[in-house]
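See below for the structure under consideration.
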Amino acid sequence: MTSEAYPVIQSYDSEKVYQNVSAGMEAKFPSITDVPTRLLSVIVPAYNEESRLPVMMDVCLDYLEKRSEADKAFTYEVIIVDDGSRDKTTEVGLKYSRTYGSDKVRVLTLAKNRGKGGAVRMGMFRARGKLLLFADADGATTFSDFSKVETSIRNLCKEESDISEALAVSCGSRAHLEEESVATRSVFRTVLMYGFHGLVWLLAVREVKDTQCGFKLMTRRTARVLFNSLHVERWAFDVEMLYLAQSLGIPIDEISVEWNEIEGTKMTPVLSWIEMGLDLFIIWLRYTLRAWRIKGDMMAQ
C-alpha cells in the first residue's frame, strides 16, 4: 500500500551530460539502450573518495591499458559516478579524463546522493560496453582478477553468438577468506556477519555465498533487465539485484577474488548491518506480496 510496484527512476538534466575535456565542452551521455561500442564498461561508484580513488584508478587503468595494447579488440571505458560527494571526487575523476581522454574516462556527477545502488544504476544506464563491471572505489579487490570473472561470464555465455545480448552475472567473492576474517574480527562483528549471511540465504539469495563483494560483471542485456527493476539504492542493492537474477533464472557464477581491507570504509559496523537487515526483510516481504514487481528489459518497453 505504501510502495510503488516499479521503481521511480529520476534523472536530472545535469546527470545526462559529462565534461568532454578534450573538446572543452559538455557532451551527452549515451544510453544503455543504444548499440554497444565498447567491449567493457567499468562503473565506479564514489562517495567522498578523493583520497582512495586515485589508488584504485591507477591500478585499474594500468591493467586496462595493457590489455588494450596487447589486444586491439579489447576496448573499454571507465565511468566514475560521483554520488553527490562533498569533497573533490569529481575533480579527481576529471584529472584522469584529461590524462586518458574523455573517450576512456568519464565522470558522472549526481545532483544528489542516491546511495551506492543508485549510483551504480546511473552509471550502468550510461555505459557503452557489451560487458559491464562495477568495482568499488577503494580498490579492495585486485583489479587483475577481472580476467577471472571475464572467463566465468564467457563460459556462461558460450552458446550465445552475441555476448552483449546474453543473460549472465559473474560475482567476485570473498567467501574463501571467511575463516581468516573471522580470526581477526570481534565476536560481535562475527555474529553480525553470520546473522546477515543467514538472513540473505533465508529471505533472498541462495546461489551466492558472498553477495556484498563490490566486483560484479554482467552482460549489457542483464544490466538493462536488473537495474530497470531495482528498488533498493543503499548497501543491500546487491542482494535485490541477485534476487531478481535468481527469480528470472539468469545464470549466476561466483568466482574467488583477492581482497584487502582498505581503511576509510563508509559502512558503520552496527548501523549499516541493521539497515541492510531491514532492507532484506523489505525485499522479501514486498516481492512475496507482489507489492514490488519486475519490469523486465528496457528494450521491450
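Database remark: amide H of Val105 closer than 5 angstrom to the amide H of Val78 (H placed geometrically; neighbours at sequence offset of 5 or more, or on other chains; Pro and chain starts carry no H). Positive contributions from Lys and Arg (+1) and negative ones from Asp and Glu (-1), summed over other residues with Cβ under 13 Å from the Cβ of Leu226, come out at +3. Note on Lys72 and Ile9: their simple-model spin labels are 3.5 nm apart, each label 7 Å out from Cα toward Cβ. Count the DSSP beta bridges whose two residues both fall in the chain, then state the antiparallel fraction as a percent rounded to the nearest 5. If we restrict to bridges inside the chain, about 35 percent are antiparallel. Solvent exposure of region 53-99 amounts to 47 Å² per residue of accessible area, where only protein heavy atoms count and the probe is 1.4 Å. Phi-derived couplings, Karplus 6.51 cos²θ - 1.76 cosθ + 1.60 at θ = phi - 60°, listed residue by residue for region 142-154: 5, 5, 5, 6, 3, 4, 5, 6, 5, 4, 4, 6, 5 Hz, with x used for Gly and Pro.
For the residue pairs Lys66/Lys130; Lys28/Lys209; Lys112/Lys209; Lys95/Lys295; Lys72/Lys116, alpha carbon separations beyond 30 Å are given by Lys28/Lys209; Lys112/Lys209; Lys95/Lys295; Lys72/Lys116.
Each Lys and Arg contributes +1 and each Asp and Glu -1, all at the Cβ; summed about the Cα centre of the chain, the dipole is approximately 720 debye. Here Met299 and Ser51 are evaluated by their C-beta separation; at R0 = 45 Å the FRET efficiency comes out at 0.70. Of the GluC sites (Glu not before Pro) found in region 85-165, those in coil by DSSP whose Cβ has at most 11 other Cβ atoms within 10 Å are Glu159. Tell me whether the chain comes out rounded, prolate or oblate; compute the Cα gyration tensor, take square roots of the eigenvalues as a ≥ b ≥ c, and use a/c under 1.5 as the rounded threshold. The shape class here is rounded. With the whole protein complex present, Arg126 retains an accessible surface near 20 Å², based on a 1.4 Å probe. Considering only Pro251, Leu131, Ala23, the residue lying farthest towards the positive end of the dipole of the chain is Ala23, judged by Cα position with unit charges set on Cβ. Label sites at Thr37 and Thr2, each approximated as a point 7 angstrom past Cα along Cα to Cβ, lie 4.5 nm apart. If R0 is taken as 45 Å, the Cβ-Cβ distance between Asp103 and Ser256 corresponds to a FRET efficiency of 0.85.
Simple rule: put +1 on each Lys or Arg Cβ and -1 on each Asp or Glu Cβ in the chain, find the dipole, and look at Ala300, Tyr100, Phe227; the Cα lying farthest toward the positive end is Ala300.
In the chain, the calculated helix contribution to ellipticity at 222 nm averages -11500 deg cm²/dmol per residue, counting -39,500 (n - 2.57) for every DSSP H run with n ≥ 4.
Applying 1/(1 + (r/R0)^6) with r as the Cβ-Cβ distance of Phe281 and Glu26 and R0 = 35 angstrom yields a FRET efficiency of 0.25.
The values are calculated or read from the model by the stated rules, or taken from the named source; none is laboratory data. Keep in mind the model is a prediction, meaning the values are calculated, not measured. We place every Cβ from the backbone using ideal geometry, glycine too, and count neighbours over all the protein chains shown. Note: areas computed on protein heavy atoms with side chains; ligands, DNA, RNA excluded. Shrake-Rupley method; radii C 1.70, N 1.55, O 1.52, S 1.80 Å.
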